[in-house]
Each structure stands twice: as structure tokens, then as C-alpha cells.
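Single-structure report; data block below.
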Amino acid sequence: MTNTSLTGKAFPEGFLWGGATAANQIEGKWNVDGKGPSIQDVMPVGISGAPTEEPTQDNLKLEAIDFYSRYAQDIALFAEMGFKVFRFSIAWSRIFPNGDETEPNEAGLAFYDRVLDECEKYGIEPLVTISHYETPLHLAKAYDGWTDRRLIGFYERYARTLFERFGNRVTYWLTFNEINSVLHAPLMSGGIWTPKEQLSKTQLYQAIHNELVASASATKIAREVAPNAKIGCMILAMPTYPLTPDPDDVWAAKLIEHDNYAFGDIHVRGSYPGYYLRKLRELGVELDITDEDREILKNTVDFVSFSYYMSVCETADPSKRVEGRGNIMGGVQNPTLEVSEWGWSIDPVGLRVVLNDFWERWQVPLFIVENGLGAMDKLTEVDGVKTVEDGYRTAYLRDHLIQVREAIEDGVDLLGYTWWGPIDLVSASTAELSKRYGFVYVDRNNDGSGSLERYRKQSFYAYKEIIESNGASL
Ligand code: BG6
């Protein structure tokens, strides 16, 4: 159902239009200017295979799209589209190469000063993710990542360093990218070196607890050293529909929703919800939670941000299970929806569902910080200019934004929308370049070949027009 009654209606004044990226997927220069290796530098196939011991040349992330050298040109392209906001992450191992040092690496901090200079030049608001799947490799190998509560202290030092250095230049901060994804991708999301199949539930839920405390602690530190900062949590949103009206399916879907809601509930309400405590009891998990942890968790967020790519279904009946492919979590395939070339269901209405659910549940401003379509693009020439005729991407963008406008009309308080990723980058789950999300094409291929030249796709002009009209052209 698409309600066309709002055609021509603009988005609220000051709505933050833009795009989102992550350091490990764009920067490259993985060992330059004092940067240490991160877990991504040993994940040449993303989460679809085991990590390597050391960085290997077949890992596209080592050079990615070389944003580290080309940031000025890329931000100029974002400005040309009219971006009001640019979401990027800071690579933890550029600032603390091993993660457990006491002094930061000045060259790493200086790079992000340069990025912020460019944003300021165009009046683009930065939106900074403190940790986006980039745990320093040393913390993964020597501490087993977030299973070890000493990481709370290392993260606090890192976050404090960022707030002290950039707190007067950056208003919007996200503590951890898709914090709930640790349930499914413990290495990528939690820096946990123990293979997933060997990880105990107690280790996993302790890691989650440690991250949640670290996140709340960062909020507390920001209140002290960067009082103008607005801190958000970031959740992988994937609405789970019951496969059938059978109440058992409805409840099965609810349980999956609980797994994800818990992360928002704790960030917004400052304590563990009853259904989560019950789950821990049923799993036989006893967590190491101190009184101080409980106090720290009370430092709640200013807003909730989330990524949205797709919805899934759930059923209590194993004979009806048809596993779909999808963003980290997987789930039962929705038979009513089309899928992308990577098998991700395309469900614009699901975005309206998420926006309404989150708003009704938490009553804090929301921010869509990822939404996008990964597709095989073909570079072509139109009137002698190299471009990509990506009407499919523009259609995806428009269909989702129409639902966003509906949700705003439903009363949802929404700060902005950042498309993932506005420029082609290396994918997280499969570490490939042929899964292109950008409005800007980057000439680099899965085999590492390519000039790294940038070209405007046709969707570049479509998004520009949408931003220019503040959504009224949709
Ligand atoms: C999100 C991540 O899960 O989805 C991004 O925050 C990621 O890092 C994006 O790139 C799209 O997933 P993929 O696997 O297609 O890159």
C-alpha cells in the first residue's frame, strides 16, 4: 500500500539528509600514520568465513576506496548532492593502535580533524560512530574482545579522547554500530576471537553487558566533557512478522523482536527489562554485574538511531521454515516480498512499521542512519559522460522515503536520514566491491583492479533533487 495523499509534502524544516559510511569500508591505508590493524584487516571474506591470522593482500579493506587520501574530493561530491549530514566512523586503531595504550596517536586524530574541516567548509553536520565493527585486532586476540570487561576501560579512554578533541565540532555521536548484531556476528560486532560455535552463552551475554555498560559510560563522559553532544545508540532494525496468523507464530516473532528491542530498552530506560532477565535465567546465564554497572546504565541516550534494510518472518513450525538471506541476522523468508540480488527482502512499508514501533516504545527522537540497496552496477556512457543507469536504486530510495514521510505524518519525531553508502564501498558481510550502494561509482573491482576514479550515477541527481526540495519532489 502506498498512500499518495502526501504527494508534494515537504519534510520538516532542518531535516538532516545525508549519507553513511564506516572507516574500515572506505578509508584504506590500513597501516599508515601509526594505524594498528583492526579485526577487519583480517576478515577478507567478511562474516562468510574465518578470519586470517595476519592481514592478507586479498582483503579489499586494506585499501578500500582510499577515502584516507580522497576525503576532500568525496565530501565535495556529498556537498554537491546537498548533504546536510555525513555519517562516518572513527577507526579505533588509528587513535589507539593496539587499543590498550594510554596515549592516543596524534596522526590519527589529525586525520579526523581534516575530515571535519571539509564538512565544516560545506556546512555538513558530522554524525560520528565511535565503534563500527573495527575493534583493534590486539583487543580481539589478547582479550577475546568484549568478553573481557577490561575493554570497558579501554573504550572509555578512547571515547573520552574523542569527546575532548572533537566535542566542540561534533554534536551527534553513536556509541556502537548495530550493537544487537553481536548476537549473530560476535567477531565483527564484538571483536570476539573465539569462534562463534565455541562461544558459550555466558561469554556472549557478558560481552553484551560489557558493551552496554561501555555505551552508557560514554554517554556519562560526554555529559561531562562535551555538554552539547547528543548521544545515540544504534540498532540493526529488522521487523519480524509472524509467518501466519497462528498465535504461536505471533509469539515466535515477538521473541525475536525482544532480542533486538532489549538493546534499545536498556539504552533508553537504563535497566534490563523483565523479558531479558527471564531469557538469561532460561539460558542458565549468570552475569557479572556490579552495583556500579547498574548505576552507569542509568546514563540513557538522547536519541535512538538504526539501520533498516529489510524485514523477515518467524514461525514456530519447523516444517514451514524457509530460511531467507539477509543482513547479518537472517530469518524466515517473507513469501510476499521481492528480494535484492543478494537475497535481501525489499520492504519499504517495514520502515514505516519500525519508525512507528520505535517511536511508540521509546518516545525519543529517532534517526535512520542506514538504508540502501546493494546492487551490481554497470558503468556506461551517456552523452559522452561515464555514469550508471541505476533506476532501481532511485526507486528503492523513493519508495522508502515515501514511507518515511508517512511515518513523520504518523507523528514520529525523526532527526534525519542517511543513505548507506553514498559512495561505493567494501561490503561488511561479504567484503566485496561489486555489491554497490553508492550514488557515486568507484572504479575498483573485486579483484582489486581499477583506477579508483569516481563517477556520478543517475541516482546522484535523483537524491540531489529530493534533498533540494526537502522531500517535496517525492
Ligand atoms: C550494516 C552495517 O549491517 O549493513 C554496514 O552497519 C554494512 O557496515 C551494511 O555495510 C550493508 O551490509 P553489507 O553486508 O551489504 O555491506
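Here are a few things to note about the model shown:
- Qualifying residues in region 145-171 (those that are closer than 30 Å to G330 by Cβ and out of contact with any Ser or Thr (no Cβ under 6 Å at 6 or more places or on another chain)) - the one surrounded by the most Cβ atoms within 10 Å (Cβ to Cβ): W146
- Scanning region 337-381 for residues that are in contact (Cβ under 8 Å) with a residue 24 or more places away in the chain and among the β-branched types (V, I, T) gives I346, V349, V353, V354, V364, I368, V369.
- Identity of the residue in region 119-139, within 22 Å of the chain's Cα centre (by Cα) and either away from the ligand (no atom under 14 Å from the Cβ) or assigned to a helix (DSSP H, G or I) (or both), that ends up farthest from Y71 (Cα to Cα): L139
- Taking every residue in region 445-472 that is among the acidic types (D, E) and pairing it with any residue that is surrounded by 14 or more Cβ atoms within 10 Å (Cβ to Cβ), at least 6 positions away or on another chain, the pairs with Cβ-Cβ distances below 8 Å are E453/V442; E453/D443; E465/S473; E468/G82.
- With respect to (1) at positive phi; (2) surrounded by fewer than 22 Cβ atoms within 10 Å (Cβ to Cβ), the lone exception for A431 is condition (2).
- Residue ID - nearest to D424 (Cα to Cα), chosen from residues in region 342-385 that are acidic (D, E) and within 16 Å of the ligand (Cβ to nearest atom): D377
- Just one of the numbered conditions (1) more than 14 Å from the ligand (Cβ to nearest atom); (2) in contact (Cβ under 8 Å) with a residue 60 or more places away in the chain; (3) among the polar types (S, T, N, Q); (4) not in a loop (DSSP other than H, G, I, E, B) is not true of N334: (4).
- Of all residues in region 228-271, those that are open to solvent by less than 10 Å² (accessible area, probe 1.4 Å) and of a type in the set (K, R) total 0.
- Filter result for Y437 (within 16 Å of the ligand (Cβ to nearest atom), closer than 30 Å to V42 by Cα, open to solvent by less than 40 Å² (accessible area, probe 1.4 Å) and of a type in the set (F, W, Y)): yes
- Subset tally (residues that are part of a loop (DSSP other than H, G, I, E, B) and touching a residue at least 60 places away in the same chain (Cβ under 8 Å)) for region 15-56: 17
- Criterion applied to L337, L373, L287 was being out of contact with any Cys (no Cβ under 8 Å at 6 or more places or on another chain) and within 22 Å of F176 (Cβ to Cβ), and the one residue passing it is L287.
- Condition check for I179: open to solvent by less than 10 Å² (accessible area, probe 1.4 Å), more than 15 Å from the ligand (Cβ to nearest atom) and modelled with pLDDT of 95 or more: no
The values are calculated or read from the model by the stated rules, or taken from the named source; none is laboratory data. No experiment lies behind these values; they were computed from the predicted model shown. Here Cβ is always computed from backbone atoms with ideal geometry, including for glycine, and neighbour counts include all displayed protein chains. The accessibility values were calculated without ligands, DNA or RNA, using every heavy atom of the protein model including side chains. Shrake-Rupley method; radii C 1.70, N 1.55, O 1.52, S 1.80 Å.
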